[in-house]
Amino acid sequence: MMKARLIGTGSFVPKKILTNYDLEKMVETSDSWISTRTGIRQRRVAVEDSTSEMAAKAAKAALKAAGVSPKEIDLIIVGTVTPDMTFPSSACFVQSHLGVKSGAAAFDVSAACSGFLYALDIANKYIKSGSVQKALVIGADRFSRLVDWKDRSTCVLFGDGAGAVVLSAEKGNRGVLSSRIHSDGRHWEMLYADSPCPPSPFEKKGSGNHYLKMNGNETFKLAVRTMGSAIKEVMEETGLKPEDISLLIPHQANLRIINAARDRLKLAEEKVFTNLDKYGNTSAGSIPIALDEAVREGKVKDNDIILFVSFGGGLTWASAAVRW
Ligand code: ACO
């Protein structure tokens, strides 16, 4: 059977850096509170780049790394909850920005911070079914539009950015070994952002403001639990042991959540990739940006086993194991 091999990665973050010290001037917070509670020191915020432009720039870099022309792409999936417009999808904009052939399929997936792993899971299944040869899988979000910059409990956590991979249908044992996606809508109120559309004149109740709302403590507890079970799931399915894992690339939300997942797995610190100190939580962009950095820093070698794990609004969670 065909496997979906990850043959190229790319990422893009906006130029503008917002440090914890910058935030001290905007809300009642401190660098020490943010860095000790989360591990975040700075984040990037988009001034000009829209979500689809960031996605296209990341995808362009991934295509270059893979040596693949946009004309060869059959499928584009963008994980995002901050599309440029309600419709068309960000994936259609990426298709247009990159000159991907007319007739390719393009759509977005809404799974908040699990968006990239949801998109990877779907593309993997298209490739395994034989209907797609090459796919672009992208995670991109612009949370600077979604957070209330007067709310210190949320604005310190997030940043903007995008990451992408090119998947190719190939025979052999390299590629996605296992991929799982899950949700539990009962917990939607843990983390959500209301509709950006104004209420219609027929509605009884307005939809309120569109800013992100979060129950941080409860999200934290659920994140630790779901990340642990999601990792266990793909390890059991593939028969992998902790010593087989070359690198764990978790969703970059909070260093304390990542360390809790690492402890459960009894993984050495150097086997867990983190870059949230530089970018904060970039939602769907988080895992593919981290993967691209790990690849470019030479931390990923042929045949390495890489694990990915995420959780996000929904509540959603997902995991994947890949042989590089
Ligand atoms: N600066 C200073 N003080 C603050 C700040 C801030 N930025 N934010 C909150 N505080 C205060 C609170 O008001 C509270 O004060 P009080 O004790 O006087 O009431 C105190 O700090 C402690 O607040 P807690 O919320 O209990 O702090 P906690 O240690 O739980 O850390 C945090 C909060 C960092 C939000 C943590 O709960 C967390 O990371 N949760 C997970 C969030 C997450 O990962 N969200 C993303 C999900 S992915 C997606 O789909 C987008």
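Looking at the stretch 6-62, the pairs of alpha carbons with a distance over 15 Å make up 59% of the total.
Report, to the nearest whole %, how much of the accessible area of the stretch 3-173 belongs to carbon and sulfur atoms, 1.4 Å probe, protein only. On the stretch 3-173, the fraction of accessible area on carbon and sulfur atoms equals 52 percent. Ranking GLY10, HIS182, ASN281 by Cα position along the charge dipole of the chain, where only Lys, Arg, Asp and Glu carry charges on their C-beta atoms, puts GLY10 farthest toward the positive end. The GluC sites (Glu not before Pro) found in the stretch 21-72 that occupy coil by DSSP, while having at most 16 further C-beta atoms within 10 Å, are GLU28, GLU48.
Kindly give the semi-axes, whole Å and largest first, of the ellipsoid equivalent to the stretch 116-230, taking each as the square root of 5 times a Cα gyration tensor eigenvalue.
Working: eigenvalues 226, 69, 47 Å².
The equivalent ellipsoid of the stretch 116-230 has semi-axes of 34, 19, 15 Å.
The GNM of the chain, with springs linking C-alpha atoms under 10 angstrom apart, assigns the highest mean-square fluctuation among GLY79, GLY139, GLY67 to GLY67. Within the assembled protein chains, the solvent-accessible surface assigned to ARG262 is about 40 Å², based on a 1.4 Å probe.
DSSP beta bridges in the stretch 72-216, what fraction antiparallel, as a percent rounded to 5?
Values: 12 of 22 bridges.
Among the beta bridges of the stretch 72-216, antiparallel pairing accounts for roughly 55 percent.
Note: the stretch 27-118, Cα convex hull, 139 Å³ per residue. In whole percents, the pair-distance distribution calculated for the stretch 3-173 from its alpha-carbon pairs, binned every 5 Å from zero, is 2, 10, 17, 20, 17, 12, 9, 7, 5, 2, 0, 0. Of the trypsin sites (Lys or Arg not before Pro) found in the stretch 169-204, the ones in coil according to DSSP and having at most 14 other Cβ atoms within 10 Å of their Cβ are LYS171, LYS204. With kT/(6 pi eta Rh) evaluated at 4 °C and eta = 1.567 mPa s, and Rh the Kirkwood radius from Cα pairs, the chain diffuses with a coefficient of 66 µm²/s according to Stokes-Einstein. Calculated on C-alpha atoms, the gyration radius of the stretch 175-217 divided by its Kirkwood radius gives an Rg/Rh of 1.20.
Can you give the calculated 222 nm mean residue ellipticity of the chain, where each DSSP H run of n ≥ 4 adds -39,500 (n - 2.57) and the sum is split over every residue, rounded to the nearest 500 deg cm²/dmol? Intermediate values should be presented prior to the final figure.
Details: 10 runs with 106 residues, N = 324.
Taken over the chain, the calculation gives -10000 deg cm²/dmol.
Value of Rg to Rh for the stretch 177-323, rounded to two decimals, is 1.05; Kirkwood radius and Rg both from alpha-carbon coordinates. Computed over protein heavy atoms with a 1.4 Å probe, the accessible surface of the chain works out to 44 Å² per residue. Loop-resident chymotrypsin sites (Phe, Trp or Tyr not before Pro) (DSSP state other than H, G, I, E or B) in the stretch 182-266 with no more than 15 further Cβ atoms inside 10 Å of their Cβ: PHE202.
Taking K and R as +1 and D and E as -1, what net charge do the other residues with C-beta under 14 Å from the C-beta of TRP317 add up to? Write down the numbers at each step before the final one.
Values: positive: ARG180, ARG186, LYS221, ARG225, LYS232; negative: ASP121, ASP184, GLU233.
Here the count lands on +2.
Charges only on Cβ, +1 for Lys and Arg, -1 for Asp and Glu: so what's the dipole of the chain about the Cα centre, in debye to the nearest 20? Walk me through the intermediate numbers first.
Working: 42 positive and 36 negative charges, 85 e Å.
Taking the Cα centre of the chain as origin, the dipole is about 400 debye.
Quick one: Cα convex hull volume of the stretch 94-143, Å³ per residue? Don't skip to the end; give the middle numbers.
Details: hull volume 3.8 nm³, N = 50.
It comes to 77 Å³ per residue, whole-number rounded.
One way to sum up the overall shape of the stretch 176-254 is the equivalent ellipsoid from its Cα gyration tensor, whose semi-axes run 37, 14, 11 Å, largest first.
Computed over the Cα atoms of the stretch 228-309, pair by distinct pair, the Kirkwood hydrodynamic radius stands at 12.9 angstrom. Estimated at the nearest 10 Å², the accessible area of MET2 is 60 Å² with a 1.4 Å probe.
The values are calculated or read from the model by the stated rules, or taken from the named source; none is laboratory data. All values derive from a computational prediction rather than experimental measurement. Methodologically, a virtual Cβ is constructed for each residue, glycine included, from the backbone with ideal geometry; neighbour enumeration extends over all protein chains shown. Note: accessible area is taken over every heavy atom of the protein model, side chains too, but ligands, DNA and RNA are not part of it. Shrake-Rupley method; radii C 1.70, N 1.55, O 1.52, S 1.80 Å.
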